[in-house]
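Notes for the one structure printed next.
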Amino acid sequence: MTELKIIADIQTDFPEKFGIPRQSGLIEGLRGKIVFRSAYRTAEAVRGIEGFSHLWLLWGFSKVTRKGWSATVAPPRLGGKKKMGVFATRSPYRPNPIGLSSVKLEHVEIDPVLGPVLYVSGIDMLDGTPIYDIKPYLPYADSHPDARGGFGSEVLEHRLSVVFPPELLQLLPESERDTVISILEEDPRTAYIHDDTREWGVSYAGYNILFYVKGDVLTVCGVETL
């Protein structure tokens, strides 16, 4: 069997897993930069790629530490207590820790040192995530408007209302404010922990956003520079 090779790494503003959207495409403002490894830094390898608006990325869950695998997992969106079959979920705890994301290709830049660099948006990956393959998204084959979403459709509309005091919001660059609010609306908390007194923190773009949640309202209580 041919060895699975890492062809590139993606640079994002997420230094840790907590706070990363659970699916790609949920937050369009989240951007990443795909840098190919030296053996694949050739413009010929991406010839024609700019003709596609979206790409599929196959990547590795590089921070998964659990050994072995289980036939069932507890999806976060179901509260972390109800179990489903691992192949009926997108859990990172799988026989092979491989992720799949659909991202938007913003543009391609040919760097004199790094070769072709792909700028993408709608990411759901940790900074430094290894990428195994890149394929074009084909609307005629990959889009299924009538597809059933299973239990995932039942929780699709779950959002938190975010209260972000103006004096704290101003501590963030204006270009990042809407994106941070979108991250918080997705409820980044650990699914099975619902403690109204607990303070949480999301690290993003050089800042740690502190917050607490009561009911369906998330209130930001601090912004720290990392």
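One line per residue, one yes/no per condition, for (1) touching a Gly at 6+ places or on another chain (Cβ under 7 Å); (2) in a strand (DSSP E or B):
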site	(1), (2)
Leu4	no, no
Phe14	no, no
Pro21	no, no
Glu28	yes, no
Leu55	no, yes
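Given the criteria charged (D, E, K, R) and modelled with pLDDT under 95, does Asp146 qualify?
So Asp146 fits the description; yes.
Determine which single condition Phe61 fails, assuming it passes every other condition in (1) in contact (Cβ under 8 Å) with a residue 24 or more places away in the chain; (2) farther than 26 Å from Glu185 by Cα; (3) not β-branched (Val, Ile, Thr).
Status for Phe61: all satisfied but (2).
State all residues of segment 30-53 that are touching a residue at least 60 places away in the same chain (Cβ under 8 Å) and either open to solvent by less than 30 Å² (accessible area, probe 1.4 Å) or in a loop (DSSP other than H, G, I, E, B) (or both); if no residue qualifies, say none.
Selection gives Leu30, Gly32, Ile34, Val35, Phe36, Arg41, Thr42, Val46, Ile49, Phe52, Ser53.
Any chance you could count how many residues in segment 14-29 are open to solvent by 60 Å² or more (accessible area, probe 1.4 Å) and either modelled with pLDDT of 95 or more or out of contact with any helix residue (DSSP H, G or I) (no Cβ under 7 Å at 6 or more places or on another chain) (or both)?
6
Every residue, every condition in (1) buried (at least 17 other Cβ atoms within 10 Å of the Cβ); (2) at positive phi, yes or no:
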{"position": "Gly60", "(1), (2)": "yes, no"}
{"position": "Lys67", "(1), (2)": "no, no"}
{"position": "Arg77", "(1), (2)": "yes, no"}
{"position": "Gly80", "(1), (2)": "no, yes"}
{"position": "Gly85", "(1), (2)": "no, no"}
{"position": "Thr89", "(1), (2)": "yes, no"}
{"position": "Pro95", "(1), (2)": "no, no"}
{"position": "Glu109", "(1), (2)": "no, no"}
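The values are calculated or read from the model by the stated rules, or taken from the named source; none is laboratory data. Just so we're clear, the structure is a prediction, and the values are computed from it rather than from any experiment. Here the Cβ is made from the backbone with ideal geometry for all residues, glycine too, and neighbour counts use every protein chain on show. Heavy atoms of the whole protein, side chains included, go into the accessibility calculation; ligands, DNA and RNA do not. Shrake-Rupley method; radii C 1.70, N 1.55, O 1.52, S 1.80 Å.
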